[in-house]
Amino acid sequence: MNENTLIAIEGLPFIILFLILSAVFWYFEARYLALFLALLMIFTVWFFRNPERVIPQDPLAVVSPADGKVIIVEKIFEDRFLKADAVKISIFMNVFNVHVNRIPFSGKVLGVFYNPGKFFSANLDKASIENEQNAVLLETANGKRIVFNQIAGLIARRIVCYLKEGDVVEKGKRFGMIRFGSRLDVYLPVECKINVQVGDKVKAGSSILGYLK
């Protein structure tokens, strides 16, 4: 993903399409339809906004990979990727949030696991297991393992992730997005000092979810 664009490039096809259709209908004097399509274009530009963020400099800080609302903070046994106890933090993104996703911690990508699935509402518990999703397993420089999992929601139908196994990544950098409403789950080591609670609003790259020990 281009770090410097004000609009995420994934949105450009939609923006151009709405712009062309709006112009065509305006030319043929279907003014109300043209205005409706113009409004859709404006909403799409706003939805795919790609703002800069100030990344915390604390080397132990784990930052949020997504904008949204924290809906789950719980200790679980993560049996798919970590196969160990972990703290699960779920962040729900509605259509009004920025949907560009960022790396929660610096390290090496050990694996990227895409799984096609269903499209339940992203705020439901079963979305973590049954929805279309893309999980990234990351190992830090001192051997800690973190999972962050992009999950499609009721409206979302396209998960974008630019990471691949073997990539060395930097905290706060953009790595993908989910189109039109979704969720992101993060699994941290149980010894991590958690810095958020259910109901908190967080921003990708700048809000601190916790601190590794």
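The values are calculated or read from the model by the stated rules, or taken from the named source; none is laboratory data. Quick caveat, the model's predicted, so the values are computed rather than measured. Counting neighbours? That spans all protein chains shown, and the Cβs are built from the backbone with ideal geometry, glycine included.
Tabulated values for the structure
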read-out: Selected residue (only one of Thr44, Thr5 is touching a residue at least 40 places away in the same chain (Cβ under 8 Å) and farther than 24 Å from Asp185 by Cα); value: Thr5
read-out: Selection from the stretch 197-213 of residues that are out of contact with any Lys or Arg (no Cβ under 7 Å at 6 or more places or on another chain) and polar (S, T, N, Q); value: Gln197, Ser207
read-out: Condition met for Leu6 (surrounded by 12 or more Cβ atoms within 10 Å (Cβ to Cβ) and within 25 Å of the chain's Cα centre (by Cα)); value: no
read-out: Residue in the stretch 18-33 that is of a type in the set (S, T, N, Q) and in a helix (DSSP H, G or I) present; value: yes
read-out: Within the stretch 61-169, strands (runs of 3 or more DSSP E) holding 2 or more residues that are of a type in the set (D, E, K, R) and at pLDDT 95 or above; value: 68-78, 84-93
read-out: Tally of residues being out of contact with any Ser or Thr (no Cβ under 9 Å at 6 or more places or on another chain) and over 13 Å from Lys144 (Cα atoms) across the stretch 98-113; value: 7
read-out: Condition check for Val45: farther than 25 Å from Thr140 by Cα, touching a Gly at 6+ places or on another chain (Cβ under 8 Å) and in a loop (DSSP other than H, G, I, E, B); value: no
read-out: Residue in the stretch 75-92 that is surrounded by fewer than 20 Cβ atoms within 10 Å (Cβ to Cβ), polar (S, T, N, Q) and in the same structural domain as Lys173 (by TED's automatic domain parsing) present; value: no
read-out: Residue, farthest from Arg80 (Cα to Cα), within the stretch 175-197, restricted to residues that are out of contact with any Asp or Glu (no Cβ under 9 Å at 6 or more places or on another chain) and part of a loop (DSSP other than H, G, I, E, B); value: Phe180
read-out: Unique residue being within 17 Å of Phe175 (Cβ to Cβ) and of a type in the set (A, V, I, L, M, F, W, C) when the list is Val24, Val63; value: Val63
read-out: Yes/no for Ile208 being surrounded by fewer than 21 Cβ atoms within 10 Å (Cβ to Cβ), at pLDDT 90 or above, touching a Gly at 6+ places or on another chain (Cβ under 6 Å) and closer than 18 Å to Ala61 by Cα; value: no
read-out: Residue within the stretch 13-23 that is in contact (Cβ under 8 Å) with a residue 60 or more places away in the chain and either among the charged types (D, E, K, R) or not assigned by TED's automatic domain parsing to the domain that holds Val196 (or both) present; value: no
read-out: Qualifying position, being hydrophobic (A, V, I, L, M, F, W, C), touching a residue at least 40 places away in the same chain (Cβ under 8 Å), in the same structural domain as Gly172 (by TED's automatic domain parsing) and out of contact with any strand residue (DSSP E or B) (no Cβ under 7 Å at 6 or more places or on another chain), among Val95, Val100, Val109; value: Val95
